[in-house]
Amino acid sequence: VRDVEIDSEGTFKYILVRLQRPGGAEQRHIVRGTKAAEFHNHIFEKLNPEMEKLGYECKCLGGGKIDHKSKDKKIRVFGLSTGYGKADHSVTVEILKKVYTDYEITWSDDKK
C-alpha cells in the first residue's frame with residue numbers, strides 16, 4: 001500500500017487514514033486526495049473496500065485540501081473536512097515529504 005496517492009496538479013480534497021491489521025498493534029498512516037471527489041467521504045468510500053480486501057481496517061482521521069503545483073515543486077496542505085473534521089496537517093506533511101523529497105511542502109489552518 002503506497003503512503004501517498006494524490007493528483008499530480010491542482011487543488012483538491014484529501015483525507016488522512018490510519019491503517020491497521022485487525023487486532024494488530026502496528027499502525028500506519030496514508031494520504032489520499034483527488035479532484036474526482038466532490039466530498040471527502042467519496043475518497044474514503046473508494047479506499048475502504050480496497051484496504052479491507054488487503055486485510056486492513058481503515059479509520060479516517062480527518063481531511064482538508066491539498067494545493068499541488070508540480071511545476072513549482074510545491075504542495076500546500078490546508079482546510080478541513082466538514083464530515084471528518086480537520087486532519088493533523090503536520091502528520092500529512094511528514095508523509096508527503098517521504099514521497100516528494102525535493103518539494104517545498106507547507107501547511108496552515110487557513111480555510112482557503
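The values are calculated or read from the model by the stated rules, or taken from the named source; none is laboratory data. In this text the structure is predicted, and so the values were computed from the model without any measurement. Reconstructed Cβ throughout: ideal geometry from the backbone, glycine too, with neighbour counts over all protein chains shown. Side chains included, ligands, DNA and RNA excluded: accessible areas come from the protein's heavy atoms. Shrake-Rupley method; radii C 1.70, N 1.55, O 1.52, S 1.80 Å.
Here are the numbers for the structure shown:
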quantity	calculated
Cβ-based charge dipole, segment 4-108, positive-most Cα from Leu16, His29, Ile66	Ile66
Dipole-positive endmost among Ser108, Leu54, Gly85 within the chain (Cβ charges, Cα centre)	Ser108
Computed helical MRE - 222 nm, the chain, DSSP H runs ≥ 4 contributing -39500 (n - 2.57), nearest 500	-7000 deg cm²/dmol
Long pairs among Lys13/Lys73; Lys46/Lys86; Lys53/Lys98; Lys53/Lys86; Lys59/Lys86, criterion Cα-Cα beyond 23 Å	Lys53/Lys98; Lys53/Lys86
Where segment 4-108 is the region considered: accessible area per residue in Å², 1.4 Å probe	54 Å²
Percent RCO, i.e. relative contact order, over segment 9-112, from Cα pairs under 8 Å lying at least 6 residues apart	27 percent
Fraction of beta bridges assigned by DSSP in segment 4-108 that are antiparallel (%, nearest 5)	75 percent
Amide hydrogen neighbours beyond the local backbone of Lys35, cut-off 5 Å, H modeled	Asp7
Helix 40-53 vs. the chain, principal-axis angle (Cα, 0 to 90°, nearest 10)	40 degrees
Rounded tilt (10° steps) of 89-99 against the dominant C-alpha axis of the chain	90 degrees
Carbon + sulfur, % of accessible area of the chain - ligands and nucleic acids excluded, 1.4 Å	48 percent
Segment 1-80: GluC sites (Glu not before Pro) in DSSP loop, at most 14 other beta carbons within 10 Å	Glu9, Glu26, Glu38
Amide H contacts under 5 Å for Gly62, placed H, 5+ residues apart	Leu16
Using distinct alpha-carbon pairs, which all enter the 1/r mean, Kirkwood radius of the chain in Å	14.0 Å
Derived scalar couplings ³J(HN,Hα) [segment 54-62; Karplus, 6.51 cos²θ - 1.76 cosθ + 1.60; whole Hz; x for Gly, Pro]	8, x, 10, 9, 10, 9, 7, 9, x
The chain, dipole about Cα centre (Lys/Arg Cβ +1, Asp/Glu Cβ -1), debye to the nearest 20	120 debye
